[in-house]
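Chemist: Supplied in structure tokens, the structure appears directly below.
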Amino acid sequence: IYADPAKRLELYFRPKDPYCHPVCANRFPTSTMLLRVTRRSKKKRQLDPEEQIQPEVQFEMEILGIVTTVYKFQGMSDFQYLAMHSGPDGKQTSMYDKVLMLKPEKEEFFNKDLPLYIPPPIFSRLDTPVDYFYRPDIQHRSGYNNPQVSGENLIGLSRARRPHNAIFVNFDDEEIPTKPLDAAVQNWKKVCTNPVDKKVEEELRKLFEERPVWSRNAVKANISVHPDKLKVLLPYLAYYMLTGPWRSLWVRFGYDPRKHPEAKIYQVLDFRIRCGMKYGYAATDMPVKAKRSTYNYSLPITVKKQGSHTVSVHDLKQGLGSAGTSGAKKPPSSRYKLKESVYIFREGALPPYRQMFYQLCDLNVESLQKIIHRNDGTESECTERDGWCLAKTSDDLRDSMSLMIKQIIRSTRPALFSNTTSSEDGKEQLAYESGEDEDDEEEEEEDFKPSDGSENEMETEILDYV
């Protein structure tokens, strides 16, 4: 815990109970001294039995060191849930010996009929009391409608989502939109109030003229625009594909990639770096970081919740160029730009993250482009899985890219591949990767899913626009 400044120190009152909820201490810097105090008492000789003599006491102090970090338990203990079951007569019986497996058990242990016991992992997200200021009903503007409550969402939303008015299109939809919604036009006109915004709009128009299909990360790598402004600008110029070979991509209004075979170069490829025993290296051997790990899980309760900076319409109109932001030191032309590696794959370079979404035209390797263009001029049908490409094209691309990444890791850490000595072994490994153990591969790749709110992966953006 001490090695990670972001973690909280946990104290369990019942350490042997796996269902015990801890109390958490927050880390604080301090400058205090650790003292060792020794108390020595020396008794005096007692000449008179009736006389009470106080012993002579001496204190010795020694400075052992300086304390720079202290943990303070400032929160309250969470509710506790005991593994108990109430019988018909109201008598409580313990279930610990029935639900906890402390040693290897036989099959009979798992086939026992037990009462349902699903303890909640956590009761409260906050461990300090919070004042709740009751307010009267909010008076909304005219035209406001409360969020709809359906059978799937009985609790409903705490507030209506701020609409960005994007148009979503599925692969099976017959028609595609040719112009934005009126609300999207009004949204952008409200925000676009300075010359910088006009310039960004023209730059994005030119991008869609050069290439009708873009990912959001690719846009961020080509123009400098604040992410919150981009949320308003994209629905003004393009629609969003939900399913099919162009899923999670933005398509220029009026352009239907399902009717143009040349649009196959804009299809998306979901690529995940393979790792595991059969590939010769583990996840920790790769110099590519993952977004999150279950090994670094910490309780989502906190005393001091860090406030996030909310962007208002006034901020958007002002261009979001405050000097206090971290990007203020960068020139305006590149303040919000991402690196090319977030959407372009090059030979000899590792992807920045273990799961990447590439468009086929952004795979800048000649051998990969040959796989993509194998059926140029003979495209007959656009399918939801493979688009205009031949069947299994995505699998062939992933195999080739995985072999390239393995060669990069081999060159940087040759000790990992001490058993592999020839290029033929690499070919055998590639055949093994794409062969009969395909199901195992899918299970291992499940570890690397895109996380919500990531700025580094081409994550699904539907929640931003609902």
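The values are calculated or read from the model by the stated rules, or taken from the named source; none is laboratory data. As the structure is a prediction and not an experimental result, all values here were calculated from the model. Here the Cβ is made from the backbone with ideal geometry for all residues, glycine too, and neighbour counts use every protein chain on show. Ligands, DNA and RNA are stripped out before the accessible areas are found, and what is left, the full protein with its side chains, is counted by its heavy atoms. Shrake-Rupley method; radii C 1.70, N 1.55, O 1.52, S 1.80 Å.
Chemist: Quick check on my filter: what residues within segment 100-110 are part of a loop (DSSP other than H, G, I, E, B) and open to solvent by less than 100 Å² (accessible area, probe 1.4 Å)? Show your work before the answer.
Modeler: Here is the first cut: in segment 100-110, the residues part of a loop (DSSP other than H, G, I, E, B) are 100-106.
The answer is 100, 105.
Chemist: Identify the single condition in (1) modelled with pLDDT of 90 or more; (2) in a strand (DSSP E or B) that residue 13 does not satisfy, given that it satisfies every other one.
Modeler: Condition not satisfied by residue 13: (2).
Chemist: State all residues of segment 172-213 that are hydroxyl-bearing (Ser, Thr, Tyr) and loosely packed, with under 13 Cβ neighbours inside 10 Å; if no residue qualifies, say none.
Modeler: 178
Chemist: Please determine whether any residue of segment 62-71 is part of a loop (DSSP other than H, G, I, E, B) and among the charged types (D, E, K, R).
Modeler: Quick first cut of segment 62-71, residues part of a loop (DSSP other than H, G, I, E, B) only: none.
For segment 62-71, residues part of a loop (DSSP other than H, G, I, E, B) and among the charged types (D, E, K, R): absent.
Chemist: Which one is nearest to residue 170 (Cα to Cα) among residues in segment 372-398 that are surrounded by fewer than 20 Cβ atoms within 10 Å (Cβ to Cβ) and of a type in the set (Val, Ile, Thr)?
Modeler: 383
Chemist: While we're here: Identify all residues within segment 380-395 that are modelled with pLDDT of 90 or more, more than 17 Å from residue 361 (Cα to Cα) and in a loop (DSSP other than H, G, I, E, B); write none if there are none. Show your work before the answer.
Modeler: Keep residues of segment 380-395 that are modelled with pLDDT of 90 or more, which gives 381-395.
Pick out the ones that are also more than 17 Å from residue 361 (Cα to Cα) and you get 381-385, 391-392.
Once the filter is applied, which keeps residues that are modelled with pLDDT of 90 or more, more than 17 Å from residue 361 (Cα to Cα) and in a loop (DSSP other than H, G, I, E, B), segment 380-395 yields 381, 382, 384, 385, 391, 392.
Chemist: Right, next: Output yes when any residue across segment 275-282 is surrounded by 22 or more Cβ atoms within 10 Å (Cβ to Cβ), within 30 Å of residue 403 (Cβ to Cβ), modelled with pLDDT under 90 and assigned by the TED database to the domain that holds residue 370, and no when none is. Spell out the reasoning first.
Modeler: Going residue by residue through segment 275-282, those that are surrounded by 22 or more Cβ atoms within 10 Å (Cβ to Cβ) are 275.
Filter once more, so that each one left must be within 30 Å of residue 403 (Cβ to Cβ): 275.
Now drop any that are not modelled with pLDDT under 90, which leaves 275.
Adding the requirement that they be assigned by the TED database to the domain that holds residue 370 leaves 275.
Yes - at least one qualifying residue is present in segment 275-282.
Chemist: A follow-up question, please. Right, residue 116: at pLDDT 75 or above, exposed (fewer than 10 other Cβ atoms within 10 Å of the Cβ) and either in contact with a strand residue (DSSP E or B) (Cβ under 8 Å, 6 or more places away or on another chain) or within 30 Å of residue 84 (Cα to Cα) (or both) or not?
Modeler: Working: at pLDDT 75 or above: yes; exposed (fewer than 10 other Cβ atoms within 10 Å of the Cβ): yes; either in contact with a strand residue (DSSP E or B) (Cβ under 8 Å, 6 or more places away or on another chain) or within 30 Å of residue 84 (Cα to Cα) (or both): yes.
It is true that residue 116 is at pLDDT 75 or above, exposed (fewer than 10 other Cβ atoms within 10 Å of the Cβ) and either in contact with a strand residue (DSSP E or B) (Cβ under 8 Å, 6 or more places away or on another chain) or within 30 Å of residue 84 (Cα to Cα) (or both).
Chemist: It is to be established whether one or more residues within segment 286-309 are open to solvent by less than 40 Å² (accessible area, probe 1.4 Å), modelled with pLDDT of 65 or more and farther than 30 Å from residue 174 by Cβ.
Modeler: Taking every residue of segment 286-309 in turn, at least one turns out to be open to solvent by less than 40 Å² (accessible area, probe 1.4 Å), modelled with pLDDT of 65 or more and farther than 30 Å from residue 174 by Cβ.
Chemist: Restricting attention to segment 59-85, report how many residues are open to solvent by less than 60 Å² (accessible area, probe 1.4 Å), among the small types (Gly, Ala, Ser) and closer than 28 Å to residue 122 by Cβ. First the steps, then the outcome.
Modeler: Narrowing segment 59-85 to residues open to solvent by less than 60 Å² (accessible area, probe 1.4 Å): 65, 67, 69-71, 75, 78, 83.
Now restrict to residues that are among the small types (Gly, Ala, Ser): 65, 75, 83.
From the residues that got through so far, the ones that are closer than 28 Å to residue 122 by Cβ too are 75, 83.
So the count comes out to 2.
Chemist: Residues of segment 74-95 being under 30 Å from residue 8 (Cα atoms) and either in contact (Cβ under 8 Å) with a residue 24 or more places away in the chain or part of a loop (DSSP other than H, G, I, E, B) (or both), which ones? Show your work before the answer.
Modeler: Taking segment 74-95 and keeping what is under 30 Å from residue 8 (Cα atoms), we get 74-84.
74, 75, 76, 77, 78, 79, 80, 81, 82, 83 - these are the residues of segment 74-95 that are under 30 Å from residue 8 (Cα atoms) and either in contact (Cβ under 8 Å) with a residue 24 or more places away in the chain or part of a loop (DSSP other than H, G, I, E, B) (or both).
Chemist: If you go through segment 18-58, how many residues are in a strand (DSSP E or B), open to solvent by 60 Å² or more (accessible area, probe 1.4 Å) and not small (Gly, Ala, Ser)?
Modeler: Of the residues in segment 18-58, the ones in a strand (DSSP E or B) are 23-42, 56-58.
Next cut, open to solvent by 60 Å² or more (accessible area, probe 1.4 Å) only: 27, 29, 31-37, 39-42, 56, 58.
From what is left, the residues that are not small (Gly, Ala, Ser) are 27, 29, 32-37, 39-40, 42, 56, 58.
Result for segment 18-58: 13.
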